[in-house]
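Chemist: For reference, the structure I am asking about is given below.
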Amino acid sequence: MDYFHQDGEPVFIECNPRTVEPGNAAASGVNLPLLSIALATGRALPAKVVAGRPGVRTHSTLALLLGSADQTGTRRAVLRALAAAAAQQGVFAHSAEALTPVIRDPPSLIPLLRVATALLARPASAAQISGRTIAAYSVTQRAITRLHE
């Protein structure tokens, strides 16, 4: 559940079974969507606890580009992050891409290029890009009022 407090009361934004890190879980050998579907439909769950392989690392190049631009406000930082991603160095070393795996999913290159281009054109746009994305998932005040009726 996602919520915030307004006037001392919780105001709920959404409630759904979305898992936080399905990409990381999948990379370590756990199919969280399959387990969620089994749980939601009453199907049998595995008798044994499902655990992923330890030490598996994943990253989101998009998030790291946005973070680099937001923290520094420089093209240089965005270029450094892109170079590290391409060379699989630094935080990208021994880590699998979870959100835009362009080798397995070539169309995922489109949002990555869109964001990278926007950040290289104007690094200060990172907060605006993130804000628009978050706003797309937000519930309007009118919808919140309807929930309380």
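Chemist: Could we say that Leu147 is farther than 19 Å from Gly23 by Cα, modelled with pLDDT of 90 or more and assigned to a helix (DSSP H, G or I) here?
Modeler: Judged against the criteria, Leu147 is not a match.
Chemist: Among the residues of the range 112-130, which ones are without any contact (Cβ under 8 Å) to a residue 12 or more places away in the chain, within 18 Å of Thr72 (Cβ to Cβ) and not hydroxyl-bearing (Ser, Thr, Tyr)? Spell out the reasoning first.
Modeler: To start, the set of residues in the range 112-130 that are without any contact (Cβ under 8 Å) to a residue 12 or more places away in the chain comprises 113-114, 117-118, 121-122, 128.
From the residues that got through so far, the ones that are within 18 Å of Thr72 (Cβ to Cβ) too are 117-118, 121-122, 128.
Result: Ala118, Ala121, Arg122, Gln128.
Chemist: Here is a list of conditions, (1) surrounded by 11 or more Cβ atoms within 10 Å (Cβ to Cβ); (2) at pLDDT 95 or above, and Val91 meets all of them except one; can you say which number that is?
Modeler: All conditions are met except number (2).
Chemist: Okay, next question. Between Ala84, Ala63, which is aliphatic (A, V, I, L, M), surrounded by 15 or more Cβ atoms within 10 Å (Cβ to Cβ) and without any contact (Cβ under 8 Å) to a residue 60 or more places away in the chain?
Modeler: One residue alone meets the criteria, Ala84.
Residues are listed down the side, and each one gets a yes or a no for (1) at pLDDT below 95; (2) aromatic (Phe, Trp, Tyr); (3) in contact with a Leu (Cβ under 8 Å, 6 or more places away or on another chain); (4) open to solvent by 50 Å² or more (accessible area, probe 1.4 Å):
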{"residue": "Ala38", "(1), (2), (3), (4)": "yes, no, yes, no"}
{"residue": "Val50", "(1), (2), (3), (4)": "yes, no, yes, yes"}
{"residue": "Arg75", "(1), (2), (3), (4)": "no, no, yes, yes"}
{"residue": "Leu99", "(1), (2), (3), (4)": "yes, no, yes, yes"}
{"residue": "Leu113", "(1), (2), (3), (4)": "no, no, no, yes"}
{"residue": "Arg122", "(1), (2), (3), (4)": "no, no, no, yes"}
{"residue": "Ile129", "(1), (2), (3), (4)": "yes, no, yes, no"}
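Chemist: Considering each residue of the range 66-119, count those that are assigned to a helix (DSSP H, G or I) and at positive phi, and give that number.
Modeler: 1
Chemist: Is it true that some residue in the range 41-55 is of a type in the set (S, T, N, Q), part of a helix (DSSP H, G or I) and touching a residue at least 12 places away in the same chain (Cβ under 8 Å)?
Modeler: no
The values are calculated or read from the model by the stated rules, or taken from the named source; none is laboratory data. Values in this document were obtained by computation on a predicted structure and should not be read as measured data. As a convention, Cβ positions derive from the backbone with ideal geometry for all residues, glycine included, and neighbour counts pool all protein chains shown. Side chains are part of the model used for accessible areas, which takes the heavy atoms of the whole protein and leaves out ligands, DNA and RNA. Shrake-Rupley method; radii C 1.70, N 1.55, O 1.52, S 1.80 Å.
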